[in-house]
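Novice: Take this structure first; my questions come after.
The values are calculated or read from the model by the stated rules, or taken from the named source; none is laboratory data. Source: prediction; values computed, not measured. Cβ placement follows ideal geometry from the backbone for every residue including glycine, while neighbour counts extend to all protein chains displayed.
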Amino acid sequence: MSQLGILVSNDDGIFAPGLLALAGAMREFGRVTVIGPEENQSANGHRKTLTRPLRINETHLADGTLAYSTDGAPADCIAVAMLGFIKDPIDLVVSGINRGPNLGQDLTYSGTVAAAFEGAIHHKPSIAFSLNDRSLEADYSTAAEIARRIVRTVIKHGLPPLTLLNVNIPNLPLSQIAGMQITRQGTSVYRDELVPRIDPYGRPYYWIGGEAPTGDVNAEGTDMWAVYHGYVSITPIHLDMTVHTMIDTLKEWAFQ
């Protein structure tokens, strides 16, 4: 176990406290390499940079840990590491700890989850961690301990190919966590609003604003239900997004 190579990334940016907490928690398991976006890349999804060069800079985290930052997206961080920028072997990819949850359809937007997706594409066991606290003063100590426990178990058992775990952690002290639940995705309710503005030259521009997403916290067995009820939600996600049950139905539609 001590020889494992663990790649740590996130989408909140290289100096985010959640990344620092996750990197520290992973040192128990082996050699930790940190590479994250130089700026916040939240909600950028699984974006990969192909139309311009990527810059990679050496930096240090608040505790002095050597790290690398890129001017790309979270998926770029994982890709450049896997494609040869990091010379040492990488055995496991962990992403987070995200400031705010990634529940339901948030997976399609989340850069934190996108980093884990990219790890899975490169056939590495990958886990995304998010804390249900959006505040800048969030305490990541409980989430770091939960991440440590989950990674220990994944190292023991492994993950199937092209599969990642999406983990959401309640904003509670460790002593108040109700346990861990294996969950399915819930259904998000988005309350986005288009906010128009006028710049100093009289030209319109727009913000996508609105309140934070919600969902059905009463649908037992979902990630939303689990976190709302004080459980850590562990959702297995597969990169094959085919609706297999619909294949035979579509064959009967006689597309021309």
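Novice: Could you list, in sequence order, the residues of region 33-55 that are over 17 Å from the mean Cα position of the chain (by Cα) and either buried (at least 17 other Cβ atoms within 10 Å of the Cβ) or not β-branched (V, I, T) (or both)?
Specialist: L50, R52, P53, L54, R55
Matching residues to (1) outside any helix (DSSP H, G or I); (2) touching a Ser or Thr at 6+ places or on another chain (Cβ under 6 Å); (3) under 18 Å from L107 (Cβ atoms):
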position: L164; (1), (2), (3): yes, yes, yes
position: V167; (1), (2), (3): yes, no, yes
position: L172; (1), (2), (3): yes, no, no
position: Y201; (1), (2), (3): yes, no, no
position: Y206; (1), (2), (3): yes, no, no
position: A212; (1), (2), (3): yes, no, yes
position: W225; (1), (2), (3): no, no, yes
position: I237; (1), (2), (3): yes, no, yes
position: W253; (1), (2), (3): yes, no, no
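Novice: Taking region 176-190 as the region of interest, how many residues are over 21 Å from V151 (Cβ atoms) and exposed (fewer than 11 other Cβ atoms within 10 Å of the Cβ)?
Specialist: Qualifying residue count, region 176-190: 1.
Novice: Does I14 qualify as being more than 19 Å from I150 (Cα to Cα), aliphatic (A, V, I, L, M) and in contact with a Pro (Cβ under 7 Å, 6 or more places away or on another chain)?
Specialist: It is true that I14 is more than 19 Å from I150 (Cα to Cα), aliphatic (A, V, I, L, M) and in contact with a Pro (Cβ under 7 Å, 6 or more places away or on another chain).
Novice: Are there any strands (runs of 3 or more DSSP E) wholly within region 32-107 with 3 or more residues that are of a type in the set (A, V, I, L, M, F, W, C) and within 23 Å of R152 (Cβ to Cβ), and if so which?
Specialist: In region 32-107, 92-99 are the strands (runs of 3 or more DSSP E) which contain 3 or more residues that are of a type in the set (A, V, I, L, M, F, W, C) and within 23 Å of R152 (Cβ to Cβ).
Novice: Scan region 1-23 residue by residue and report those that are farther than 22 Å from V80 by Cα, in contact (Cβ under 8 Å) with a residue 40 or more places away in the chain and touching a helix residue (DSSP H, G or I) at 6+ places or on another chain (Cβ under 9 Å).
Specialist: Correct list: M1, A21.
Novice: Okay, next question. Condition first: at pLDDT 95 or above, part of a loop (DSSP other than H, G, I, E, B) and buried (at least 24 other Cβ atoms within 10 Å of the Cβ). Can you find one or more residues in region 133-151 that meet it?
Specialist: yes
Novice: So in region 207-247, with the set limited to residues that are under 18 Å from the mean Cα position of the chain (by Cα) and β-branched (V, I, T), which one is nearest to I121 (Cα to Cα)?
Specialist: Here the residue is I237.
Novice: Follow-up question, since we're still on this one. Would you check which residues across region 11-32 are within 24 Å of H123 (Cβ to Cβ), out of contact with any Lys or Arg (no Cβ under 9 Å at 6 or more places or on another chain) and buried (at least 21 other Cβ atoms within 10 Å of the Cβ) and list them?
Specialist: Within region 11-32, D11, L19, L22, A23, V32 meet the criteria.
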